[in-house]
Each structure stands twice: as C-alpha cells, then as structure tokens.
Amino acid sequence: MTHRAPYPSFTLPQRHLSVAVTESVPAAGAVGHLVFVGEAPPAASSLSSTRAAALGFEGKAGSTLVLPTAEGPVFVLVGGGDRAAVDSAALRDAAAQFARAIESQTELALLVPETPVPDEEAASALLEGAALARYVHRIGAEGPEARLDSFTLVAGADRAESLSAGLARGEVLVRATKLTRDVAGLPGGMLTA
C-alpha cells in the first residue's frame with residue numbers, strides 16, 4: 001500500500017553570494033578588522049588600547065566590538081587571539097563572530113591580517129566562517145533569513161591572486177555545506193522517491 005506523503009512539494013533555496021578581493025575598503029555595510037591580543041586597534045577606529053579595553057575589548061578570540069559611524073559602514077573590531085598561534089580554525093571562528101555581530105548588514109568586508117596561515121587557506125576559512133555563520137534552514141519554513149549578499153576581503157595587490165584562489169575554494173565548501181545542512185534538516189518523508 002502506498003501512502004501519499006503529507007509534506008508539500010519544495011525546492012531548495014537559491015542563495016547567491018558575491019565574493020571579491022580588493023585593495024581598498026568597499027562601500028560595504030560593515031567592515032571588520034582583526035585585532036590580536038596585545039596589539040592596538042587600527043587607527044581608523046579612533047580607539048586607543050586603553051579605551052578599547054574600557055569598552056571590554058582586548059583582542060581575545062571570540063570577542064567583538066561594534067562601532068557605529070555617522071555615515072558609511074559599521075566598523076567592527078574582531079578579536080583574533082594570539083597572532084602567533086592563529087590557524088585556519090581561529091580565522092574561521094573570527095569571521096563567524098564578525099558576521100554574527102552585525103546580522104542586519106548583508107554586505108561585509110574584512111581586512112585580511114598577516115598571519116602564519118597561507119593566504120589561500122586563510123581566505124577559504126574567512127569565507128566559510130562568515131557565510132556559514134549566517135546559515136538559516138529555509139526549506140518548508142517562512143521566517144527571517146540571515147542573508148549574506150557579498151563578502152569582500154581587503155588586502156594588498158600582491159596577495160590578491162592567492163586570496164582569490166582561496167575564495168574560490170571556500171565558495172565550493174560553503175555551497176556543499178549549506179546543501180548538506182538543508183537536506184539533513186528535512187523530514188525523512190520528503191526525501192523518498
């Protein structure tokens with residue numbers, strides 16, 4: 001005996017993410033700066049280390065400090081932990097913290113710091129962290145979607161080629177992970193032929 005599935009038909013959500021590498025900060029909704037323990041915030045933040053510490057930000061891994069501006073993008077300090085100990089997992093986590101700190105912004109730019117991690121690996125990890133932090137299961141449900149429309153890495157021209165290769169790798173990993181999460185979250189009855 002065959003039973004009709006009680007589930008409505010569905011389609012996989014279409015997600016589009018624009019990625020780029022540029023030398024100058026684009027007109028994004030938010031710009032992130034990784035700050036490592038013991039290092040001063042960037043001059044663009046107009047904060048001294050003392051003032052940042054008074055606001056609860058010391059560059060520790062997992063910490064963020066959102067600094068709204070009168071105009072232009074929101075400025076976000078992202079704790080990177082110990083610079084010498086940074087690996088791709090730490091960069092992925094930092095990018096995820098950045099994306100979660102300003103969920104209302106759909107266009108993000110992140111200044112890529114010099115770390116022991118090769119640029120290609122770093123770019124992939126940063127994209128994975130930011131894009132997957134914004135993932136929301138959307139099949140068969142209505143509700144807000146934590147979208148990410150564009151993700152730009154800002155670095156010198158000498159690093160552009162390797163960072164672009166890393167972004168290409170990261171895009172494949174992000175799409176595969178999102179599809180896996182979408183399908184894994186479906187009720188079994190929707191997956192039968």
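The values are calculated or read from the model by the stated rules, or taken from the named source; none is laboratory data. Being a predicted model, the structure only gives us computed values, none of them experimental. A quick note on method: Cβ atoms are made from the backbone with ideal geometry, for glycine too, and the neighbour counts reach across all protein chains shown. Side chains included, ligands, DNA and RNA excluded: accessible areas come from the protein's heavy atoms. Shrake-Rupley method; radii C 1.70, N 1.55, O 1.52, S 1.80 Å.
What do you reckon, is Ala84 open to solvent by 60 Å² or more (accessible area, probe 1.4 Å), free of Cβ contacts under 8 Å to residues at least 40 places away in the same chain and not acidic (Asp, Glu)? In short, yes.
Of the candidates Glu103, Glu120, the single residue that is within 21 Å of Val174 (Cα to Cα), open to solvent by 80 Å² or more (accessible area, probe 1.4 Å) and more than 11 Å from the chain's Cα centre (by Cα) is Glu120. Among the candidates Ala165, Ala146, the residue that is of a type in the set (A, V, I, L, M), out of contact with any strand residue (DSSP E or B) (no Cβ under 9 Å at 6 or more places or on another chain), at pLDDT 80 or above and open to solvent by 10 Å² or more (accessible area, probe 1.4 Å) is uniquely Ala165.
Every condition in (1) within 19 Å of Pro42 (Cβ to Cβ); (2) assigned to a helix (DSSP H, G or I); (3) open to solvent by less than 40 Å² (accessible area, probe 1.4 Å) is met by Leu110 except one, and the failing one is (2). Does Ala125 fit the bill of being without any contact (Cβ under 8 Å) to a residue 60 or more places away in the chain, of a type in the set (A, V, I, L, M, F, W, C) and either part of a strand (DSSP E or B) or out of contact with any His (no Cβ under 6 Å at 6 or more places or on another chain) (or both)? Criteria met by Ala125.
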